[in-house]
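**Student:** This is the structure I want to talk about, given as structure tokens.
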Amino acid sequence: MERFTISLDDDLAHAFDHLIAERGYGNRSEAVRDVLRAHLARLQEGRHADGPCVANLSYVYNHHERDLSDRLARLQHGHHAMTLATTHVHLDHDQCIETVLLKGPASEVRRFADRLMAERGVHHGQLNVVMVGALAPAPSEAATHSHPHRQG
């Protein structure tokens, strides 16, 4: 592990210490590592807009909106190769939340999410994209890469 020293002005150090306490970090080093990871991931996402990603799309909608449930289902079926799973929860008499797990090229995932969140009656949508390396091993790698199986 490589070590380095940084200097922070008092206000920034105090705000950072507050964040550390609020999030429950054990020390400044782990907090700095997380901040750096998050920043580097955002930079990678910007550089590799068409790169592979996994994503979580969550949105709240009014299920009384005319044909909205059907429109949302049609959109997901139209992108079935990208849609891994959907969880649907009734929040109250009118509102539902759905969380859709997605996988594919980041630009396609974003277009799909934008289209779905633009549907009339959808509220509070948010997409969380995580850029990943190759989503499936290359054929030659798949032949040599194995996981041990548990004996039951």
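The values are calculated or read from the model by the stated rules, or taken from the named source; none is laboratory data. Being a predicted model, the structure only gives us computed values, none of them experimental. FYI the Cβ positions are ideal-geometry reconstructions off the backbone, even for glycines, and counts take in every protein chain you see. The protein model used for the area step is the full one, side chains on, heavy atoms only, and it has no ligands, DNA or RNA in it. Shrake-Rupley method; radii C 1.70, N 1.55, O 1.52, S 1.80 Å.
**Student:** Quick one: residue 31 ticks every box in (1) open to solvent by 70 Å² or more (accessible area, probe 1.4 Å); (2) part of a helix (DSSP H, G or I) except a single one, so which number is it?
**Tutor:** (1)
**Student:** So if I check each of 17, 34, 50, which one is modelled with pLDDT of 90 or more and either of a type in the set (D, E, K, R) or over 30 Å from residue 118 (Cβ atoms) (or both)? If you could, list the steps in order and put the result at the bottom.
**Tutor:** Working: 34 fails: modelled with pLDDT of 90 or more; 50 fails: modelled with pLDDT of 90 or more.
When all the criteria are applied, what remains is 17.
**Student:** Restricting the search to the range 41-87, which residues are open to solvent by less than 90 Å² (accessible area, probe 1.4 Å), free of Cβ contacts under 8 Å to residues at least 12 places away in the same chain and under 17 Å from the mean Cα position of the chain (by Cα)?
**Tutor:** Scanning the range 41-87 gives 43, 46.
**Student:** If residue 105 satisfies all but one of (1) within 15 Å of residue 125 (Cα to Cα); (2) surrounded by 13 or more Cβ atoms within 10 Å (Cβ to Cβ); (3) within 19 Å of the chain's Cα centre (by Cα); (4) not aromatic (Phe, Trp, Tyr), what's the number of the condition it fails?
**Tutor:** Among (1) within 15 Å of residue 125 (Cα to Cα); (2) surrounded by 13 or more Cβ atoms within 10 Å (Cβ to Cβ); (3) within 19 Å of the chain's Cα centre (by Cα); (4) not aromatic (Phe, Trp, Tyr), residue 105 violates only (1).
**Student:** Continuing with this model, one more query. Test residue 55 against the stated conditions and say whether it is modelled with pLDDT of 90 or more, in a loop (DSSP other than H, G, I, E, B) and not aromatic (Phe, Trp, Tyr). Lay out the reasoning, then the answer.
**Tutor:** Values: modelled with pLDDT of 90 or more: yes; in a loop (DSSP other than H, G, I, E, B): no; not aromatic (Phe, Trp, Tyr): yes.
So residue 55 does not fit the description; no.
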